[in-house]
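Novice: To start, I am sharing the structure in question, which I have written as structure tokens.
The values are calculated or read from the model by the stated rules, or taken from the named source; none is laboratory data. Quick caveat: nothing in here was measured; it's all calculated off a predicted structure. Neighbour counts are summed over all protein chains in view; Cβ atoms, including those assigned to glycine, are modelled from backbone coordinates with ideal geometry.
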Amino acid sequence: MLNWDDPLGQQRSPMPAAAGACVSALPVASDDVSGTQRLAGDTMAAVRAEDKRVINGQADINQLAPFRYPWAWKYFLNANKNHWTPLDINMAQDIQDYHHRLSPAERHVYENVLAYLTTSDILAMRNIGLAVMEKMSAPELQIYQARQVYEEALHTWTYQHCIESIGLEQGEIYNRYRVVPQIRGKIEIANRRLDSILRPDIDLGQAEELENFVMAYVFFAAVFEGCWFYNGFSPIFALQRRGLMKGTAEQLQYIMRDEVMHCGFGIRTVKQILLENDVKLDPQALHDMWLEAEAAEADYAGFILREPILGYSIDDHNAQFRYIANRRARQLGMDEPFPGAECRLPWLDEQSNIRKEKNFFETRVTEYQTGGTLKWD
Ligand SMILES: [Fe+2]
Ligand SMILES: [Fe+2]
């Protein structure tokens, strides 16, 4: 047991056999003549970058460098430039807006967007942290994903902070994904994908399993984060553009930057898996995925916008989903699922670039503009 008063003392004394359990988990060579344990294979040779793989790699995952995927490390460094907590943002005006300035239809939009997002972010956290990260075999990928897990937890805190600040009934809001079919529809699709890869018996050496895993990663990166989240913030941004709920919108701007990076990283990782492995995605399965996502999104939009609000419509929402879906498909190097879809919300992309927004809103965002030099999409 570690002595907290003298944590280094243990290292100076001989290690009892039982205490070396974590060391003995490493493969060891049998010709241990030096008194120190040696790694198996090419004994003490450093891991070579070219031996790393995104999945199913054999190189020792505990060696960070040399990098095989320097872009993954850059994602990690860039992610750390978008750092905030929900407590940094003043919510006082939002409380006033919600109770005295929003119409009933606008309150309905606001509450249900938060109800959907807060459940979604827990799913996103469980997906990347429990189902995806453990299957990666290069540490630079896992390190960004570890940051992503933290960010998803931070997003959940952010929604909780908004819900609590406004004074919404927490138990009721958090339960909506179960009782509102139009929210549950999206959550069930995501749960189905997650459940299919959150099994201890998965063997990514098998073609069918690998294809299913990649499809799930495509879904979470390109649809769930890249479209549903990206587009999901826009009703709140529409309120922000009219000077309403600006604190919440600012919180969502930070989250959006994270989500654009999660999407970009996921797509990059998927493309690398496709490059390294003999796996092809079924174009029909991809097309079906987009159509299912579009139908669920349209249902959801019909519910949250059952009564129109000023400056934002069901048509805008659905058209923008299709437009963003095409962008994600292009990023993946795949066919656009909705050819000819038009951009209905040209201001939405600007929301993910906070540097531009500082011209419109004098808020704390301006203090974080170091990250504004990044290309977010
Ligand atoms: Fe998130
Ligand atoms: Fe995310």
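Novice: Give all pairs with beta carbons closer than 7 Å in which a residue from the stretch 283-303 that is at negative phi meets a residue that is among the basic types (K, R); count only pairs at least 6 apart in sequence or on separate chains.
Specialist: So the pair list comes out as E294/R322; A296/K186; Y300/K186.
Novice: Within the stretch 242-253, is even one residue closer than 21 Å to P337 by Cα and assigned to a helix (DSSP H, G or I)?
Specialist: No, that holds for no residue.
Novice: Scan D315, D299 and give me the residue that is in contact with a helix residue (DSSP H, G or I) (Cβ under 7 Å, 6 or more places away or on another chain) and away from ligand 2 (no atom under 16 Å from the Cβ).
Specialist: Criteria check complete, one pass: D299.
Novice: Select from the stretch 232-248 the residues that are at pLDDT below 95, within 16 Å of ligand 1 (Cβ to nearest atom) and farther than 20 Å from A298 by Cβ and list them in ascending order.
Specialist: none
Novice: Could I ask something else about it? State all residues of the stretch 226-260 that are within 20 Å of the chain's Cα centre (by Cα) and either within 12 Å of I89 (Cβ to Cβ) or of a type in the set (V, I, T) (or both); if no residue qualifies, say none.
Specialist: Listed by number, the residues that qualify are I236, T248, A249, E250, Q251, L252, Q253, Y254, I255, V260.
Novice: Let me ask you something else. Residues F224, F229: which one is within 16 Å of ligand 1 (Cβ to nearest atom), within 16 Å of E152 (Cβ to Cβ) and at pLDDT below 95?
Specialist: Going through F224, F229 in turn, the sole match is F229.
Novice: For the condition under 30 Å from I309 (Cβ atoms), modelled with pLDDT of 95 or more and among the aromatic types (F, W, Y), what is the one hit in Y75, Y110?
Specialist: So the residue among Y75, Y110 that is under 30 Å from I309 (Cβ atoms), modelled with pLDDT of 95 or more and among the aromatic types (F, W, Y) is Y110.
Novice: Still on this structure: Find the helices (runs of 4 or more DSSP H) located wholly in the stretch 153-213 whose residues include 3 or more that are in contact (Cβ under 8 Å) with a residue 60 or more places away in the chain and more than 28 Å from L87 (Cα to Cα), and list them.
Specialist: 181-197
Novice: Still on this model: From the list E134, E169, pick out the single residue that is out of contact with any Leu (no Cβ under 9 Å at 6 or more places or on another chain), more than 13 Å from ligand 1 (Cβ to nearest atom) and modelled with pLDDT under 95.
Specialist: E169 is the lone residue from the list that is out of contact with any Leu (no Cβ under 9 Å at 6 or more places or on another chain), more than 13 Å from ligand 1 (Cβ to nearest atom) and modelled with pLDDT under 95.
Novice: Across the stretch 261-280, which residue is surrounded by the most Cβ atoms within 10 Å (Cβ to Cβ) among those that are at pLDDT 95 or above and over 22 Å from the mean Cα position of the chain (by Cα)?
Specialist: Result: N277.
Novice: Right, next: Of these, Y300, Y254, which one is among the aromatic types (F, W, Y) and touching a Lys or Arg at 6+ places or on another chain (Cβ under 8 Å)?
Specialist: Within the list Y300, Y254, the selection yields Y300.
Novice: In the list R322, R344, R364, R355, which residue meets the criterion of being assigned by TED's automatic domain parsing to the domain that holds R107, closer than 17 Å to F233 by Cα, modelled with pLDDT under 95 and among the basic types (K, R)?
Specialist: Step by step, each of R322, R344, R364, R355 is checked, and only R344 is assigned by TED's automatic domain parsing to the domain that holds R107, closer than 17 Å to F233 by Cα, modelled with pLDDT under 95 and among the basic types (K, R).
Novice: As an exercise: evaluate Q142 against (1) out of contact with any strand residue (DSSP E or B) (no Cβ under 6 Å at 6 or more places or on another chain); (2) closer than 25 Å to E276 by Cβ and give the number of the one condition it does not meet.
Specialist: (1)
Novice: To continue, here is another question. What number of residues in the stretch 218-243 are over 17 Å from D349 (Cβ atoms) and either within 10 Å of ligand 2 (Cβ to nearest atom) or buried (at least 23 other Cβ atoms within 10 Å of the Cβ) (or both)?
Specialist: 7
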